[in-house]
Amino acid sequence: MFNIKLLNKIAKVGTDVFGDKYKLGENIDNPDGIIVRSADMLEMEFGANLKAIARAGAGYNNIPVDKCTEQGIVVFTSPGANANGVKELAVASLILASRDIIGGIEWVKTLEGEKDIAKLVEKGKSAYVGNELEGKTLGVIGLGATGGLVASIATHLGMNVIGCDPYLSVEAAWKLSRAVKKAANYDEIFAKSDYITIHALVTDETRGMLNNAAFAKMKQGVKIINLARADLVNSADMKAALESGKVSVYVTDFPTDETVGVNGIINIPHLGASTLESEDNSAVMAAEQLKEFLENGNIKNSVNFPDTFMPHYGDARICVLHRNIPNVLAEISAAVSAEKINIENMLNRSKKDYAYTIVEIIGEIPQIIVDKLNKLESIIRVFIIK
């Protein structure tokens with residue numbers, strides 16, 4: 001029996017993924033796995049049984065990833081599960097940035113009680129004239145699951161689309177429309193774009209990347225859309241850019257104390273993934289990844305350990321989370337062979353400073369093997385799957 005703690009309300013289609021071998025609930029003590037959406041886990045203490053955390057969403061800034069890595073807890077996200085929902089909000093954001101629809105709607109509300117509203121509307125509508133998207137250049141920063149969809153659909157809106165993603169995967173590249181042009185770097189995006197939309201994770205490299213230095217390289221009156229993360233944009237610099245006219249409109253899905261009430265900023269209340277379909281897709285993906293790891297030790301879409309998949313044909317497997325340093329595989333093999341046990345299958349994958357190894361055997365795995373491995377300095381955690 002596996003115990004799964006739910007830190008937020010998770011869509012039923014997700015919890016239904018787990019079968020009779022699982023006990024799920026909000027009040028589970030010392031769980032084997034956790035599913036989370038937006039709950040803040042940064043100060044949480046984790047029990048000894050916890051092997052994995054799965055977030056029903058693409059980001060992970062509410063999870064203490066470094067702490068989890070040192071404790072041998074695999075952190076999963078659900079990239080792409082809400083991509084279509086965010087893509088559709090991006091289209092709406094492009095239109096909201098182009099035409100003062102919100103201002104016009106609010107103005108019409110003030111006409112209540114007036115006579116001959118139709119004539120008043122025709123007379124006053126010129127104050128809300130905007131521009132069309134067709135023929136304009138959209139720069140897309142980040143061409144992953146969401147950015148790729150935004151880039152492709154924008155071509156069907158008649159926009160000239162250029163994109164930049166230093167970490168673009170082959171799989172993501174295959175999904176891009178051939179009409180999307182590759183920018184050499186972010187500076188090319190800044191210089192050529194009438195609109196810029198950003199779809200990147202917050203890292204040391206990307207935090208505050210849209211700042212005074214970046215704005216200085218952009219066209220006068222550029223329109224910027226941020227449906228990714230608030231920290232990608234320096235709020236103080238953005239307000240200065242709006243005041244100077246360098247940026248004409250900023251649409252963000254992450255309102256903050258610094259952005260609310262500022263002229264030129266359209267604050268959307270974090271609705272990017274707020275569709276029934278996105279919530280269902282994220283819950284299912286998170287649940288499937290967590291279940292596959294607990295039952296078979298396979299990893300997909302982890303942010304701290306490498307993707308690793310090996311079909312489970314043997315009787316048992318040793319799953320080893322360890323540091324990515326020389327001689328670890330030899331030490332693992334030696335610990336197994338010392339007990340006169342033959343290794344049927346073995347797979348090792350690495351991700352920067354950390355690695356993961358699965359060893360599959362026929363028969364039982366003596367506890368002495370686990371004890372030996374746990375004594376090695378390079379080993380973070382060992383667990384057995386039967």
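The values are calculated or read from the model by the stated rules, or taken from the named source; none is laboratory data. As the structure is a computational prediction, the values presented were derived from the model and not from experiment. We place every Cβ from the backbone using ideal geometry, glycine too, and count neighbours over all the protein chains shown. These area figures cover heavy atoms from the full protein model, side chains too; ligands, DNA and RNA do not enter into them. Shrake-Rupley method; radii C 1.70, N 1.55, O 1.52, S 1.80 Å.
The table for this structure:
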{"read-out": "Share of pairwise Cα separations in region 31-135, more than 21 Å, in percent", "value": "59"}
{"read-out": "Relative contact order of region 1-101, defined on C-alpha pairs under 8 angstrom at six or more residues apart (%)", "value": "22"}
{"read-out": "Extension reserve of the E122-N296 stretch, reckoned as 0.36 nm per residue once the Cα distance is removed", "value": "56.1 nm"}
{"read-out": "At q = 0.13, 0.23, 0.30, 0.32 Å⁻¹, base-10 log of I(q)/I(0) for region 298-339 (Debye sum, equal scatterers on each alpha carbon)", "value": "-0.37, -1.02, -1.14, -1.15"}
{"read-out": "Extended-chain gain in nm, criterion 0.36 nm per residue less alpha-carbon gap, T256 and E331", "value": "21.9 nm"}
{"read-out": "Projected-area average for region 233-363 over all orientations - Cα convex hull basis, square nanometres", "value": "12.3"}
{"read-out": "Selected from L242, L210, L376 as most flexible by GNM, with the chain as the system and alpha-carbon contacts under 10 Å", "value": "L376"}
{"read-out": "Extreme residue, positive dipole direction of the chain, given options I365, M159, V170 (C-beta unit charges)", "value": "M159"}
{"read-out": "Förster radius 25 Å - calculated FRET efficiency between E106 and T275 (Cβ-Cβ, nearest 0.05)", "value": "0.50"}
{"read-out": "Cα centroid separation, region 277-331 to region 194-221 (Å)", "value": "34"}
{"read-out": "Per residue accessible area in Å² of the chain, where ligands, DNA and RNA are left out and the probe is 1.4 Å", "value": "50"}
{"read-out": "Residue with peak Gaussian network fluctuation, the chain [Cα springs, cutoff 10 Å], from L143, L50, L168", "value": "L168"}
{"read-out": "Dipole of the chain, positive end: most advanced residue of T69, S278, I95 [Cβ charges, Cα centre]", "value": "I95"}
{"read-out": "Accessible surface of the chain, 1.4 Å probe, proportion on carbon and sulfur as whole %", "value": "51"}
{"read-out": "For the chain: span of alpha carbons on each principal axis (Å, largest first)", "value": "90, 46, 35"}
{"read-out": "Backbone N under 17 Å from the I362 label point (7 Å along Cα→Cβ), restricted to region 311-340", "value": "312-318, 337, 340"}
{"read-out": "Neighbourhood net charge (12 Å Cβ-Cβ; Lys/Arg +1, Asp/Glu -1) for G264", "value": "+1"}
{"read-out": "Rounded to 5, the percent of DSSP beta bridges in the chain classed as antiparallel", "value": "40"}
{"read-out": "Inter-centroid distance (Cα atoms) of region 60-110 relative to region 248-263, Å", "value": "14"}
{"read-out": "Top of S169, S302, S282 by mean-square fluctuation, Gaussian network on the chain, Cα under 10 Å", "value": "S169"}
{"read-out": "Contact order normalised by residue count of region 96-152, Cα under 8 Å, 6+ apart, percent", "value": "38"}
